[in-house]
Amino acid sequence: MTKVIGLTGGIGSGKSTVSQCLAELGAVIIDADKVGHEAFKPDTEAWHEVVATFGRQILTPTGEVDRKKLGEIVFNNPEALLRLNQIMHPKMRDMMKSQIEDYRRQGVDVVVLEAAVLIEANWTSLVDEVWVTVASEATVLERLKKQRGLDEGQTLARIRSQISSEERAKQADVVINNDGDLDEVKTKVRELWARLQA
Ligand code: ATP
């Protein structure tokens, strides 16, 4: 029977690192970010709704939704973010649900749904287990400064705009602490994988 894991966590906490490790072990990954991309391709229902709501200024010259421009509009504007989520989340949910059903039919062992907003969007009902990556604020600040050139203020603003690690942990079946080095987190993921196979 297919096991579906919902993987979530705060910005820079290690979701992609963990999902990459799970992919190497044999899991199939559904990346909610990519699904979002897919969902508002030109001329889809979501694309029309997003353009009607935010105007053509959020489009690139070729008519794609410019995620950076859209991000700038909704960041620091909770009402705009809510409207965007109301358009996108139900459509993304339908797409992910049907992908999961396909994988179940194909008899895939482990499917990982990686989604930063798994809990906020109420997508936990799509999965069998919720895994949460957690790293301290200091760790995230240091990593994102080094790897993405984000300064402390930018990272903190993003952390503050999300639900807290404590809130996520409350909903979690598994909490993966990622304050250690890469070897440590990979070892933990391998242990969790072994438990899934047992
Ligand atoms: P986002 O929410 O921004 O997509 P994320 O939760 O997917 O982030 P990652 O991209 O996995 O987080 O990790 C953030 C950065 O920290 C990456 O550059 C990654 O390579 C690095 N990183 C993750 N875990 C570790 C670790 N244990 N040791 C060192 N660097 C790490």
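Remark: spin-label model distance residue 60-residue 187 equals 4.3 nm, labels positioned 7 Å along the Cα→Cβ axis. Using a cut-off of 27 Å between Cα atoms, the listed pairs 34/145; 146/170; 3/91 include 146/170 as exceeding that distance. Put simply, the C-alpha atoms of region 1-95 give a gyration tensor, and the ellipsoid matching it has half-axes of 28, 15, 13 Å, longest first. Using only the C-alpha atoms, the convex hull of region 157-198 corresponds to 84 Å³ per residue.
In this entry, region 84-198 is assigned a mean projected area of 8.6 nm², taken as a quarter of its C-alpha convex hull surface. Mean residue ellipticity, 222 nm, helices only, the chain: the sum of -39500 (n - 2.57) across DSSP H runs of n ≥ 4, divided by residue count and rounded to 500, is -17500 deg cm²/dmol. The Cα trace of region 101-163 gives Rg and Dmax of 15.9, 46 Å, the first to one decimal, the second as a whole number.
What distance in nm separates the two pseudo spin-label positions at residue 145 and residue 67, each 7 Å out from Cα along the beta-carbon direction? A separation of 2.7 nm, rounded to one decimal place.
Our summary gives the chain a relative contact order of 38 percent, counting only alpha carbon pairs under 8 angstrom and 6 or more residues apart. Grouping the Cα pair distances of the chain into 5 Å bins from zero gives a pair-distance distribution of 1, 7, 15, 18, 19, 17, 13, 8, 3, 1, 0 percent in increasing distance order. Taking every Cα-Cα distance in region 32-85 and sorting them into 5 Å bins from zero, the calculated P(r) comes out as 5, 20, 33, 30, 11, 1 percent. Under the criterion of Cα pairs below 8 Å and six or more residues apart, the relative contact order for region 114-198 equals 38 percent.
Read-outs throughout are calculated quantities, based only on the coordinates presented, and are distinct from any laboratory measurement. As the structure is a prediction and not an experimental result, all values here were calculated from the model. Note: ideal-geometry Cβ built from the backbone for every residue, glycine included; neighbour counts use all protein chains shown.
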